[in-house]
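A quick write-up on the structure given underneath.
What follows is calculated from the coordinates using simple rules that are stated; it is not laboratory data. The model shown is predicted, which means the values in this text are computed figures rather than measured ones. Virtual Cβ from ideal backbone geometry, glycine too; neighbours counted across all protein chains shown.
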Amino acid sequence: MIPQASLKNYKAYLGDLIGGSLMIRESQIIAELLLKKPTQEEWLDHIVNQNILQKRSDASAKRNASTIKKRLEVLSDEFIEQIAFGSTELSTQMMFAATLINSTLLADFMRSVFIDAKHMFRESIDSTDWQSFWAERSRLFPELSQMTDSSTYKISQVGFKVLADAGYIETTRNKKLQNVYLLPEVRSFLTTLNRDDIIAAMEV
């Protein structure tokens, strides 16, 4: 049995990455809702009854909304406003930053594997890069190696989908590396939050 303290640490490191990709359209909707400070009853009314995310099932709507909320609720209203009302490019970069803050594991992947691939002038990354990274992280967090194959596969797929949504790889299929230029507004917000580590993960 995994000790509760250790379980908490590895879960905090992983974050809610398995919950889904960037979901930019949905994130903008949820960001605007969060700014209204809804009660739990109002939250459920918007997500389930009004179906503001336009999902086919209540379960899917609640799952997506919960994932986005977890990534945003620790951030300031000013940060969330940029996602809700900013341009698509700004919203995307801010949501990617929020996801990296939520998932230290993905931020570490960006700062190590992705930046190394860029330095070596590789055209793309592949699933073996993630597998090697996962094996390395499992030495720090042994609980990761105890996860089911289906869970670890889904995490890797979501991770690559996040990178594709953020524009760092062309598609999840070819995983061709692309250049992304960090917007000044995003850099400014992250500097205010003292998150130079996230800046380093995004400036690759």
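For segment 96-124, backbone nitrogen atoms closer than 11 Å to the point 7 Å from residue 76 Cα along Cα-to-C-beta are found at no residue. A simple charge model with +1 on the Cβ of Lys and Arg, -1 on the Cβ of Asp and Glu and nothing else charged puts the dipole of the chain at about 460 debye relative to its Cα centre.
Comparing 20, 167, 86 in a Gaussian network model of the chain where C-alpha atoms under 10 Å apart are linked, the largest mean-square fluctuation is found at 86.
Residues with beta-carbon under 13 Å from that of residue 54, excluding residue 54: net charge, scoring Lys, Arg +1 and Asp, Glu -1? Result for the local shell: +1.
In terms of Cα atoms, the Rg and Dmax of the chain work out to 17.1, 52 Å.
How big is the gap, in Å, between the Cα center of segment 116-141 and the Cα center of segment 20-86? Comparing the Cα centres of segment 116-141 and segment 20-86, I get a distance of 32 Å. Working note: Debye formula, equal point scatterers on the alpha-carbon atoms of segment 117-179, no solvent; log10 I(q)/I(0) at q = 0.20, 0.26 Å⁻¹ is -0.81, -1.10. Put simply, when 112-118, 172-178 are sorted by average Cβ atoms within 10 angstrom per residue, most first, you get 112-118, 172-178. In units of the rule-of-thumb radius 2.2 N^0.38 Å, segment 12-96 shows an alpha carbon radius of gyration of 1.02. For the chain, the mean residue ellipticity at 222 nm estimated from helices alone is -18000 deg cm²/dmol, where every DSSP H run of n ≥ 4 contributes -39500 (n - 2.57) and the total is divided by all residues, rounded to the nearest 500. Under 10 Å, Cα contacts only: if you run a Gaussian network model on the chain, which one of 64, 102, 179 comes out with the highest mean-square fluctuation? Maximum fluctuation in the GNM of the chain, among the listed residues, is at 179. A straight chain from residue 41 to residue 131 at 0.36 nm per residue would run longer than the Cα-Cα distance by 28.2 nm. Distances between placed amide hydrogens fall under 5 Å for residue 147 paired with no residue 5 or more residues away or on another chain.
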